[in-house]
Amino acid sequence: MSDLADDGLFQYRGRFVGITERIADSMRRKMFDRFMQEFTPSEAMSVVDVGVTDDQRLDSNFFEKLYPFKSAITAVGLQDAKFLETQFPGLKFVQADALSLPFADQSFDLAVSFAVIEHVGNNERQRAFVRELCRVGKRVCLTMPNRWYPIEFHTVLPLLHWLPPEKFRRIIRLLGKEFFSHEENLNLLGEKDLLALLEPGTRARLIPFHFLSLGISNYMLIIDPKDG
């Protein structure tokens, strides 16, 4: 979940919300399993996870919970999530802006980010976010929800997010979802939108994930080093 969201991002209530948290946790575990298959990581592989949060919901900071090599993780978040160092001994937490990471080029074997890119702002900021991940990581793995899935996971509303963005934001503002009506808090992407953010010549591949037989709900983007 995004490090750029404020407390409004996590105001969920009631039993229905508990169900959505469990669904999100299940999807993240599925993506984590695929991540482990793709990268077969070891304790020697340094990993930076960009976009941890101070929230402690069931589906928050799932990478830190599941990744077996805690001492290999540097977790970065805009919010103060220093508690992760106590919760997961060996992990290092750095409070920083995801668009201006305090690391040298190629500092990590792998840069990862899970469901953050839709929360960093407009397309230029999203492009800068991807560029920064590629700068600090020798390889990159990021995930995002698919705009063209019929249910929008943040607002839990169907189909409205298929409207032009300004119309979608205007409607959800009227429905009382003020936080998500601002582009800096939610800017959804589809497959083509995501690929358009990449620099020319980027070696990238997309892995789709499906949910409830309603189509592709999420994508995992893997970026490998350029040849030569």
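Values quoted throughout were computed directly from the atomic coordinates according to the rules given, and no laboratory measurement underlies them. What you are looking at is a predicted structure, and each value in this text was computed from that prediction instead of being measured. Note that we place each Cβ from the backbone using ideal geometry, even for glycine, and neighbour counts take in every protein chain shown.
Within the chain, what percent of beta bridges assigned by DSSP are antiparallel, to the nearest 5? Show your work: numbers first, answer last.
On the way: 16 of 34 bridges.
The answer is about 45 percent antiparallel.
Placing +1 on the Cβ of each Lys and Arg and -1 on the Cβ of each Asp and Glu in the chain, which of P164, I223, A44 has its Cα farthest towards the positive end of the resulting dipole?
P164
Show that you can apply the helix-only estimate: for the chain, add -39,500 (n - 2.57) for every DSSP H stretch of four or more residues, divide by all residues, and state [θ] at 222 nm to the nearest 500. Before the final figure, lay out each step's value.
Numbers: 6 runs with 66 residues, N = 228.
Result for the chain, helices only: -9000 deg cm²/dmol.
Hey, what's the Cα Rg ratio for the chain versus the globular rule of thumb, 2.2 N^0.38 Å? Walk me through the numbers on the way to the answer.
On the way: Rg = 16.8 Å, N = 228, 2.2 N^0.38 = 17.3 Å.
Here the answer is 0.97, to two decimals.
What full-extension length gain, to one decimal in nm, is calculated for D224 and R22 as 0.36 nm per residue of separation minus the Cα-Cα distance?
Values: separation 202, 0.36 × 202 = 72.72 nm, distance 3.16 nm.
Net length gain for the segment: 69.6 nm.
How far is it, in nm, from the label point at Q106 to the one at I207 when both lie 7 Å from their Cα along the line to the Cβ?
The modelled label-to-label distance comes out at 2.5 nm.
Just the number, please: percent antiparallel of the DSSP beta bridges in the range 109-228, rounded to the nearest 5. Provide the component values of the computation, followed by the final result.
Details: 16 of 22 bridges.
Around 75 percent of the beta bridges assigned by DSSP in the range 109-228 are antiparallel ones.
Need one number: nm distance between label points at Q87 and E199, each 7 Å from Cα along Cα→Cβ, rounded to one decimal.
Simple spin-label model gives 3.3 nm for this pair.
Want the number for Q95 to L163: 0.36 nm per residue separation, take away the alpha-carbon distance, what's left?
On the way: separation 68, 0.36 × 68 = 24.48 nm, distance 3.57 nm.
Working it through step by step, the gained length comes to 20.9 nm.
What pairs from K92/K177; K30/K138; K167/K192; K92/K192 go past 28 Å between their alpha carbons?
On the way: K92/K177 35 Å; K30/K138 24 Å; K167/K192 21 Å; K92/K192 35 Å.
Cα-Cα > 28 Å for K92/K177; K92/K192; rest within.
Only Cα pairs under 8 Å and at least 6 apart count here; give the relative contact order of the range 7-224 as a rounded whole percent. Let's see the in-between values first.
Numbers: 353 pairs, mean separation 36.6, N = 218.
17 percent.
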